Amino acid sequence: MANYKNGLETKESLYQSAKKIFYQKGYDKTTVKDIITDARTKQGLLNYYFGAKENLAVQIYKDFCNDVVFCVDERKAELGSLPRGLLFDMIGYRAYFKALFTDASVTRFYAEVSKLPLFARSMLDLRDYFFNLELEGEAYMGINPRLKERRYFEYLKSLTVGMEIQVFRDVLEKQIDLELQDAVDWFFFDYYSFLFTDGDYIHENIEKSRKVVSRFTFEISPVFEISLSVRPDAKL
């Protein structure tokens, strides 16, 4: 039992050290030695619990995404009556982009980690979750019937993940002359047009989501912890 507890503590120590150093130095400039020195442990234990620095970074990114969703969900009462459906989906998705670009250290971390092969795979897993959520259905209007075809479903996951990674990396690197929220609007229209058949419905919810999220303020600590405040007028 003591060994199990010590193992959990070591794993958590590695995770927290990695978050702190990735925030300070970015992914590219952080070494495994930096992490294990800060965690006061050995490389073999990092390999045992996480496999590699890449796995650890992607896990931190995924947890960051989940924390954004949790923060938005926790503030749902402050947003008025928002049924589970396309608008709430867009608000969460747009909030994720806003959180990524709120803090320069987080933005740098995303820019570097998004180039890793494992990153795209983790995005596919997230896309699988959200596509299945959308297929559940009654809260969503006009679902593209082709989503029920497994091959098209898998194709669309790969296509939209590739789109997202490349577009927002190019926005970050100023390869595309677009403000973030304009890029999100354009991406949303193209992305959701694959999923839904009613363009007016998509456009209406894009505008509403932009209005709501413009009133979000994220604060991110030096270990990627997120807090969200919502201005009182962020109701529809």
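The values are calculated or read from the model by the stated rules, or taken from the named source; none is laboratory data. This structure is a prediction, so every number in the text was calculated from the model and none was measured. Reconstructed Cβ throughout: ideal geometry from the backbone, glycine too, with neighbour counts over all protein chains shown.
Below, the figures for the structure above:
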| read-out | value |
| --- | --- |
| Among (1) part of a helix (DSSP H, G or I); (2) surrounded by 15 or more Cβ atoms within 10 Å (Cβ to Cβ) - the single one Thr41 does not satisfy | (1) |
| Test result for Ile36, assigned to a helix (DSSP H, G or I) and more than 25 Å from the chain's Cα centre (by Cα) | yes |
| Helices (runs of 4 or more DSSP H) enclosed by the stretch 84-178 - at least 1 residues per element that are at pLDDT 95 or above and outside the structural domain of Glu204 (by TED's automatic domain parsing) | none |
| Residue match in the stretch 75-83 (condition: out of contact with any strand residue (DSSP E or B) (no Cβ under 8 Å at 6 or more places or on another chain), outside any helix (DSSP H, G or I), hydroxyl-bearing (Ser, Thr, Tyr) and farther than 30 Å from Asp170 by Cα) | yes |
| Residue match in the stretch 189-211 (condition: assigned to a strand (DSSP E or B), under 18 Å from Tyr93 (Cβ atoms) and more than 20 Å from the chain's Cα centre (by Cα)) | yes |
